[in-house]
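Taking it in order: structure first as structure tokens, then the write-up.
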Amino acid sequence: MVGPCVDVREHDEAGVRVRVYRPHQGGSGAALVWLHGGGLIMGAPRMDDARCGAWARDLGLVVVSVAYRLAPEQPFPAALDDAHRAWSWLQGSAGTLGVDPARVAIGGASAGGGLAACLAQRLLDEGGAEPAAQLLVYPMLDDRTAARRELDEAGHLVWHNRSNRAGWRAYLGHPPGAPDLPAYASAARRADLRGLPPAWIGVGDLDLFRDENRAYAERLERAGVAVTRWEVAGAPHGFDVLAPDVALAAAFAASHHAFLRERLGIAGARSSNGPDGARVSGHGDGAASRCGREV
């Protein structure tokens, strides 16, 4: 459910279907291009209505969630191309949407997080408009994880390695873990991470993607990229969607809200110290307090 104070419209733009969330009032002038999860083989923007609605309502963001094409019917680079088209459409329509084109982030969850990381790489190489930040929520970054057969019996919840292997195989068109892949097929395969936008990377420590997320964050840091890391003890893949009202999920969301506020220059941010001293944003300010909450 999207919740109050947010307008949602789904339509085709630049050859790709987008679901656009806009606050009724109090827009911040910033935006987020969002990519849903689903292992590259399933999912749709509607599945993220709650989180996209919260960003629009609480942060005043225009959120463009992309209905990218799915494998195996449409393998690489179809999904990435759709994400790129949506980015370009938003940049070209910024004035109409009330958005500052320099204050646009990209992000995604799971498979969408991996696509967002690849899009950031492609945009950097093209030399045009680049995102102000990348929000990577337990992202699917490295096909080589799927090739590690010893992980098959590890008991990962929600998304296990057999499913991971199926998703990567469908997307790549061949088994994962091959020596060479095309550029932007798997974010972790890129050698040079210098110049990429600031990143937020969050994951549970029971998630199949924990190790690849840690490794990518460390490589970004070594490349001079500002990284905010959030790791949740005792949490599996997608824990914040499965139990959004628990304290761990609330702190997780507050952390990436704070990151977006800071990196997109959204006024009215207030922060406090969360677990292990990480900065997290406060709740109840911004557009939500002006238009009320659903009761």
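All of the numbers you see were taken from the coordinates with simple rules; none came from a lab. All of these numbers come straight from a predicted model, not from anything done at the bench. Neighbour counts run over all protein chains shown; Cβ positions are idealised from the backbone, glycine included.
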Task: Distance cut-off 23 Å, percentage of C-alpha pairs in segment 43-134 lying past it - done: 21 percent
- [ ] Using per-residue counts of other Cβ atoms within 10 Å, averaged over each peptide, order 146-153, 40-47, 242-249 from highest down.
- [x] 40-47, 146-153, 242-249
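What do the square roots of 5 times the Cα gyration tensor eigenvalues come to for segment 6-291, in whole Å, largest first, as semi-axes of the equivalent ellipsoid?
Ellipsoid half-lengths, sorted descending, are 27, 22, 18 Å.
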Open item on the list: How charged is the neighbourhood of residue 119? Take every other residue with its Cβ under 14 Å from the Cβ of residue 119, and add Lys/Arg as +1 and Asp/Glu as -1.
Closed with: -2
Task: Net +/- balance of residues flanking residue 140 in space, Cβ distance below 11 Å, scoring K and R +1, D and E -1 - done: -4
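Evaluated at 25 °C with a viscosity of 0.890 mPa s, what Stokes-Einstein diffusion coefficient in µm²/s does segment 1-78 have when Rh comes from the Kirkwood expression over alpha-carbon pairs?
This corresponds to a translational diffusion coefficient of 191 µm²/s.
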Open item on the list: Looking at the calculated P(r) for segment 133-249, what percent of the C-alpha pair distances fall above 21 Å?
Closed with: 40 percent
- [ ] Based on the mean of other Cβ atoms within 10 Å per residue, sort peptides 259-265, 223-229 so the most packed one is first.
- [x] 259-265, 223-229
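What value does segment 114-182 have for Rg/Rh, both radii from Cα atoms and Rh as Kirkwood defines it?
1.05
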